[in-house]
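Some notes on the structure that comes next.
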Amino acid sequence: MAGLASQICNHIASIFSKPTTHPAALDLMVAELASIASQNGSVFLYGVGREGLMLKALCMRLAHLGLAVHFVFDMTTPPITSKDLLIASAGPGGFSTVDAICSVAKSHGGRVLLLTAQPETGSSVKYADVVAYVAAQTMADDGEGGGGGEKSRTLLPMGSVYEGAMFVLFEMVVYKLGEVLGESPEAIRARHHTNLE
């Protein structure tokens, strides 16, 4: 079991050492979130499927850091304003709902940070003020459905690499953002316990 876990973790870790001409997603996210926090703005998050689940985890972690955060379509989500940030994910480049949510955020003056593995070609990119490139395999390029011949079973199929990389990226973002905001582990833990009461 440890060997399989190591293979998966090493595969996801390799995503962050791939050469790229794009700015580091970690630096972009920390800068955008720190800016919004300094302006007392809100952070909105949206993604579909398992990408959405990773963003929900980030939403909770940002709340632990004291940011005003909302997941789009939750019952208590207020309207986005010009002092707010939407973080959306479209790993394969675009989804119609992600495009629509990004468009609404832009029309209300909000900033849009898009996480994607397709920074040049995706339909959602046109709405983004900032594109955070996550150089991972998604459903769009996992090799299924083409080329013919015998297909081997991959360890992390479909969008699993992208989604795993999102989780790791978000934990790094929370760690670095906590440093930038001067949040102590005690303050974070206190907010966590308050959220549960």
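The values are calculated or read from the model by the stated rules, or taken from the named source; none is laboratory data. None of these values were measured; they are calculated from a predicted model. Note that each Cβ is placed from the backbone with ideal geometry, even for glycine, and that neighbours are counted across all protein chains shown. What goes into the accessible areas is simple: the full protein's heavy atoms, side chains included, and nothing from ligands, DNA or RNA. Shrake-Rupley method; radii C 1.70, N 1.55, O 1.52, S 1.80 Å.
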TODO: Could you pull out every residue, at least 5 positions away or on a different chain, whose amide H is within less than 5 Å of the one on ALA68? Hs are placed 1.01 Å off N in the peptide plane, and Pro or chain starts have none.
DONE: VAL43
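Need one number for region 1-82: average projected area of the convex hull over its C-alpha atoms, nm².
Values: hull surface 31.1 nm².
So the Cα hull casts an average projection of 7.8 nm².
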- [ ] Would you calculate, for the chain, the mean residue ellipticity at 222 nm contributed by helices, counting each DSSP H stretch of 4 or more residues as -39,500 (n - 2.57) and dividing by all residues, to the nearest 500?
- [x] -15000 deg cm²/dmol
- [ ] Give me the accessible area of TYR127, 1.4 Å probe, in Å² rounded to the nearest 10.
- [x] 50 Å²
TODO: Name the long-range amide H neighbours of LEU115: under 5 Å, sequence gap of 5 or more, or other chain; modelled H, no Pro or chain starts.
DONE: ALA88, SER89, ALA90, ALA132
Open item on the list: Could you tell me the relative contact order of region 1-150? Use alpha-carbon pairs under 8 Å, at least six residues apart, and round to a whole percent.
Closed with: 21 percent
TODO: Would you mind checking the tilt of helix 185-196 against the longest principal axis of the Cα atoms of the chain, expressed as 0 to 90 degrees and rounded to 10?
DONE: 90 degrees
Open item on the list: Two decimals, Cα atoms only, Kirkwood Rh: what is Rg/Rh over the chain?
Closed with: 0.98
TODO: At a Cα cut-off below 27 Å, give the lysines reachable from LYS18, other chains included and same-chain residues fewer than 8 away excluded.
DONE: LYS56, LYS126, LYS151, LYS176
TODO: Only Lys, Arg, Asp and Glu count, each charged at its Cβ (+1, +1, -1, -1), so figure out the dipole size of the chain about its Cα centre, rounded to 20 debye.
DONE: 100 debye
Task: THR21 accessible area, 1.4 Å probe, all protein chains in place, Å² to nearest 10 - done: 140 Å²
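May I ask you to give the solvent-accessible area per residue for the chain, in square angstrom, as obtained with a 1.4 angstrom probe?
Numbers: 10430 Å² over 197 residues.
I get 53 Å² per residue for the chain.
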